[in-house]
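Remarks on the structure that follows.
Taken together, the values in this text are just the output of simple stated rules run on the coordinates, not laboratory data. Predicted model, so just to flag it, every value in this text is computed and none were measured. Positions of Cβ are generated from backbone atoms using ideal geometry, with glycine treated the same way; all protein chains shown enter the neighbour counts.
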Amino acid sequence: MLNYMIRLFLWWTMEDAKSEVHVKEEGVRGGALDIHEGLEKLLVKTAGKYSVGDEVTLADLCLVPQMYNAVRFKVDLTPFPTINRVTAALKELRVFQVSAPSEQPDCPPDLKN
């Protein structure tokens, strides 16, 4: 997790963003795959309808934005069926729909769904 956070920090702080987009995206994808592999193993043991049983928890509040960014950076999520199932269930809830980044008034047009 720390390795991923360091990569993400470096990604945000690079000066020449335009020429380094491919390198940054690859770094984010690599870190995200590490995180999702561990999370999938954990959720197989804890998930019900949501991350921990059948009630929304703090884990779910963290999962939805993580998955948003994984999709945004084109992370292959097919190896993570439990994560995908839980995320799909969460996205059905109105609170997650209205709080999605693409639903915010200041969302850049290129990030709208």
Q. Taking amide hydrogens as modeled 1.01 Å from N in the peptide plane, which residues meet the under 5 Å criterion relative to ALA47, leaving out close sequence neighbours?
A. GLY53
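Any chance you could run the full-extension gain for LYS74 through ALA88? It's 0.36 nm times the residue separation minus the Cα-Cα distance, nm to one decimal. Walk me through the intermediate numbers first.
Values: separation 14, 0.36 × 14 = 5.04 nm, distance 1.71 nm.
Roughly 3.3 nm would be gained on extension.
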Q: Would you mind counting up the charge near VAL44? Only other residues with Cβ under 12 Å from its Cβ, with Lys and Arg at +1 and Asp and Glu at -1.
A: +1
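Listed highest first by mean packing, meaning other Cβ atoms within 10 Å per residue, what order do 43-51, 96-104 come in?
Averaged packing, sorted descending, gives the order 43-51, 96-104.
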Q) Between THR46 and ASP106, what FRET efficiency follows from the Cβ-Cβ distance if R0 is 25 Å, with the result rounded to 0.05? A) 0.10
